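This report refers to the structure that appears directly beneath it.
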Amino acid sequence: MDSDPPTLHITVCTRDGRPARAPGLARWLVATAPARARGTVAIVLVGDAAMRRLNREWRLVDRPTDVLSFPSGEDGPRVRGQVRHLGDIVIATGVARRQAVRGGHAYATELKVLALHGLLHLLGHDHETDDGQMRRAEARLRRKGGLPAGLIERESRA
């Protein structure tokens, strides 16, 4: 009997596709993700200059940001056994390190905060237009994953 593929498979890599050093991040996100998160996700760790270029190109904002999500757009019917690619989450490592210092927590914790936020965007959430649905989902999942605060909660306090 064939075993079912994992509902969510996450790879963490650098911009050039090499494995990135983020111990436990993929495993944590798989364990914390909502049950409806099924498919593959790439988390790409980049420097601030690369993130600035992406932010300028995709959002017309000429500065680095902490996290960007790029949904794959694969919404059509699936062939049995085919794994859907949900999209890519890009995290700026310099911004993440600075935010971790400001927040008084580890860099690894900040990567989790940003990865969770990015995953929710890949799943169709938009905190700018959804009347708090993403904020509530992020709060529930960050508690499940043992995080002190989610990105939306933290930014609303600032």
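The values are calculated or read from the model by the stated rules, or taken from the named source; none is laboratory data. Just so it is clear, the structure is predicted and the values come from calculations on it, not from any experiment. Quick reminder, even Gly has a Cβ in these numbers, built from the backbone with ideal geometry, and neighbours come from all protein chains shown.
What to note about this one:
- Test: residue in the range 78-93 that is farther than 26 Å from ALA35 by Cα and of a type outside the set (Gly, Ala, Ser): yes
- Residue selected from the range 107-136 under the condition among the polar types (S, T, N, Q) and in a helix (DSSP H, G or I), by the criterion modelled with the highest pLDDT: THR109
- Scanning the range 56-86 for residues that are modelled with pLDDT of 65 or more and β-branched (Val, Ile, Thr) yields VAL61, THR65, VAL67, VAL83.
- Pair list, Cβ under 7 Å, 6 or more apart: the range 38-53 residue under 12 Å from ALA26 (Cβ atoms), other residue among the acidic types (Asp, Glu): ALA42/ASP88
- Considering residues of the range 106-158 that are loosely packed, with under 14 Cβ neighbours inside 10 Å and within 14 Å of the chain's Cα centre (by Cα) only, the residue farthest from ALA42 (Cα to Cα): ASP126
- The set of residues in the range 14-42 that are part of a helix (DSSP H, G or I) and surrounded by 15 or more Cβ atoms within 10 Å (Cβ to Cβ) comprises LEU25, ALA26, TRP28, LEU29, VAL30, THR32.
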